[in-house]
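Data block below; observations after.
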Amino acid sequence: MAGDLFIRTEDIRQEEVLSYLVETRTDRELISSLKGRSPIILKGSRGVGKSFLMRAAEAELQKSFDAERILPVYVTFAKAGLIRANTPDKFMLWMMSKICNATVRAASTYGLTLPQGSAIAAIQGGGASGGISQMERVEQVLEDSWKNAAGSTQQDAIVPESDTLRDAVEDLCRHANLKRICLFVDEAAHVFIPEQQRQFFTLMRDLRSPFLSVKAAVYPGATAYGESFQPLHDATTLSVDRVITESDYASNMRLVVFKQDPSLRETIERNGEVFDSLAYAATGNPRTLLKTMNRATHFNRRNVQEVIKEFYREEIWAEHSSLTERYPGHQPLIDWGRNFIESNVLPTLYSRNRSNKNEKSSFLWVHRDAPHAVREALRLLSYSGILQEGVSGVKGTRSQIGTRYMVNLGCLCSLDSEPVSFGKEVRSALSVKRFAEYGPNHPAFQPLDNFALQGAESEGNQALDAQLQRPIGKLDLTEFQLKSLSSLGFKTIGEVLAADEKDFMQAYYVGPIRSRKMRNSAQAAVFEYLSG
């Protein structure tokens, strides 16, 4: 292969971002939304291009600034790991100082004069000393806090609170004739521990105003929103997943590679079927496509087939299993998810595709009343790119309702001795109407029956302990279901979690379906707290 195709967004200069943009209809809609007024949660697995879309939206706002008067501010929280985990107040101060500094720098870049004697003075942090402002010094001190067990408290008072920052932004917009500020927050979930994620989304909700719209990139299955932020109500959630069933999918993925290295056009067009197999194996993930392209030192059928087998049989699974280091409380979910897909779903789909010549499938369907732990495990698989988050409300056998997920085509094709030929067969007859079905009580789900209870028994997790002690009235249940639990003597979420579904069925008019919903609600209340 010519050159190094694996170029990350942070390695591209901001003024060059738009030259790498592949103009698809979906990407154009996403960029337009990111430039809009509403707060946005941009969701997608690793490598699908969330950071790039944010950078592209920022670049377009920069080009149209004189006409549109919308100020783009880009913030990355890449150094969040340096903030001491046992000082949550310091983490909030650090986030605020980062946002304040980025806003002032962006305003200065465009030559905007800052109003004096207003709330904007709070985010400037007073006069500069030694070449940096007080606010920049706060940011530096907090990032160095890991070196000093005591930390620093002297600078806390000069960091503004969220309402002061909102007022400062409004002052700036009115004074500089700005419509609003678009705050792009990258690495909003990936680099944070769960407790920090909850603090960030609380801040995102508190900053919302007509003059400030926050856009945050997150990952499916690994984001803790907390109680105060509700993704459905406090922001618009957009998915970055590329749909491989669209007619222009293969051509768009070719353009992604051509943008990275135009010299590869002749090689790819000469080996079109081989490239398409690699592109479809990536299941809409540009980073995975570029990474696997790099592995094929000589781009031919034999080498590409070896790359597919090596990457999708081993490396993608190793990356998924490594999530246990970051989310230790979710280890049983991570391990079960891998075993479920490798030992159950993939063999089933492969066998069906071999026997059915007319319609092929790479989908599974899970009943909506399946244990909540199962859905959490599938979301973690979506984070790793092994699944694409599903479409809910899909009818299965006997018109039952569930969620359809797509299994990574590379993982499926790697099972065959000829992945290129098998991949062509599958994609040429791929049908979303065909899927492997898993009902609410499928035997494969049994290992997760007591997962949440086992996780809740871990010691030293104060956030989890607090959740377990909350009253049952905080559960997302109907009034009838809450009264049923109360009649049985349950008072806290922890007590409901420790009970068996048969215990709930002792209440009047509570059968298997309602009892499952009660247990699922208790599990949902504690899952994001399992890793701290």
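The values are calculated or read from the model by the stated rules, or taken from the named source; none is laboratory data. What you see is a predicted model, and the numbers here were worked out from it, not measured in a lab. Here Cβ is always computed from backbone atoms with ideal geometry, including for glycine, and neighbour counts include all displayed protein chains. With ligands, DNA and RNA removed, areas are computed over all heavy atoms of the protein, side chains included. Shrake-Rupley method; radii C 1.70, N 1.55, O 1.52, S 1.80 Å.
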Exercise for the section: Name, by its number, the condition in (1) over 28 Å from TYR219 (Cβ atoms); (2) under 25 Å from the mean Cα position of the chain (by Cα) that does not hold for THR267. Expected result: (2)
Exercise for the section: Examine region 222-244 for a residue that is at pLDDT below 90, surrounded by fewer than 22 Cβ atoms within 10 Å (Cβ to Cβ) and more than 30 Å from CYS182 (Cα to Cα), and state whether such a residue exists. Expected result: yes
Handout entry: Conditions (1) in contact with a helix residue (DSSP H, G or I) (Cβ under 6 Å, 6 or more places away or on another chain); (2) open to solvent by less than 80 Å² (accessible area, probe 1.4 Å); (3) in a helix (DSSP H, G or I); number of the one not met by ASP503
Key = (1)
Practice task
Report yes if SER417 is outside any helix (DSSP H, G or I), out of contact with any strand residue (DSSP E or B) (no Cβ under 8 Å at 6 or more places or on another chain) and modelled with pLDDT of 90 or more, otherwise no.
Solution key: yes
Practice task
Scan region 473-490 residue by residue and report those that are surrounded by 14 or more Cβ atoms within 10 Å (Cβ to Cβ) and either modelled with pLDDT under 90 or not in a helix (DSSP H, G or I) (or both).
Solution key: LYS474, LEU475, LEU477, LEU488, PHE490
Practice task
Just one of (1) closer than 30 Å to SER277 by Cα; (2) in contact (Cβ under 8 Å) with a residue 40 or more places away in the chain trips up LEU172, so point out which.
Solution key: (1)
Handout entry: Set SER251, SER228: member being assigned to a loop (DSSP other than H, G, I, E, B), out of contact with any Gly (no Cβ under 7 Å at 6 or more places or on another chain) and either of a type outside the set (Ser, Thr, Tyr) or at negative phi (or both)
Key = SER228
Handout entry: Matching residues in region 59-79 - criterion: being open to solvent by 40 Å² or more (accessible area, probe 1.4 Å) and farther than 17 Å from THR109 by Cα
Key = THR76, ALA78, LYS79
Exercise for the section: Residue by residue through region 506-532, note down the ones that are among the hydrophobic types (A, V, I, L, M, F, W, C), open to solvent by 30 Å² or more (accessible area, probe 1.4 Å) and over 18 Å from GLY473 (Cβ atoms). Expected result: ILE513
Completion exercise
Counting only helices (runs of 4 or more DSSP H) wholly inside region 265-312, the ones holding at least 3 residues that are among the small types (Gly, Ala, Ser) are 272-281
Exercise for the section: Could you pull out the residue among ALA296, ALA318 that is over 21 Å from SER421 (Cα atoms) and either more than 25 Å from the chain's Cα centre (by Cα) or loosely packed, with under 13 Cβ neighbours inside 10 Å (or both)? Expected result: ALA318
Completion exercise
Taking region 440-452 and keeping residues farther than 19 Å from LEU346 by Cβ and surrounded by fewer than 21 Cβ atoms within 10 Å (Cβ to Cβ) leaves PRO440, ASN441, GLN446, ASP449, ASN450
Handout entry: Condition check for ALA56: modelled with pLDDT of 90 or more and surrounded by 19 or more Cβ atoms within 10 Å (Cβ to Cβ)
Key = yes
Practice task
Tell me, yes or no, whether region 363-384 has at least one residue that is buried (at least 21 other Cβ atoms within 10 Å of the Cβ), touching a helix residue (DSSP H, G or I) at 6+ places or on another chain (Cβ under 6 Å) and in a loop (DSSP other than H, G, I, E, B).
Solution key: yes
Handout entry: Close pairs (7 angstrom Cβ cut-off, 6 or more residues apart or separate chains): farther than 14 Å from ASP369 by Cα in region 390-403, part of a strand (DSSP E or B) and charged (D, E, K, R) anywhere
Key = GLY390/ARG404; VAL391/ARG404; THR397/GLU437
Practice task
Please work out if GLU325 is in a helix (DSSP H, G or I), loosely packed, with under 15 Cβ neighbours inside 10 Å, at pLDDT below 90 and out of contact with any Leu (no Cβ under 7 Å at 6 or more places or on another chain).
Solution key: yes
Handout entry: Selection count where residues are crowded, with 19+ Cβ neighbours inside 10 Å, within 20 Å of the chain's Cα centre (by Cα) and of a type outside the set (A, V, I, L, M), scope region 387-431
Key = 7
Practice task
Within region 13-53, track down each residue that is assigned to a loop (DSSP other than H, G, I, E, B), at pLDDT below 80 and surrounded by 15 or more Cβ atoms within 10 Å (Cβ to Cβ).
Solution key: LEU21, VAL22, THR24
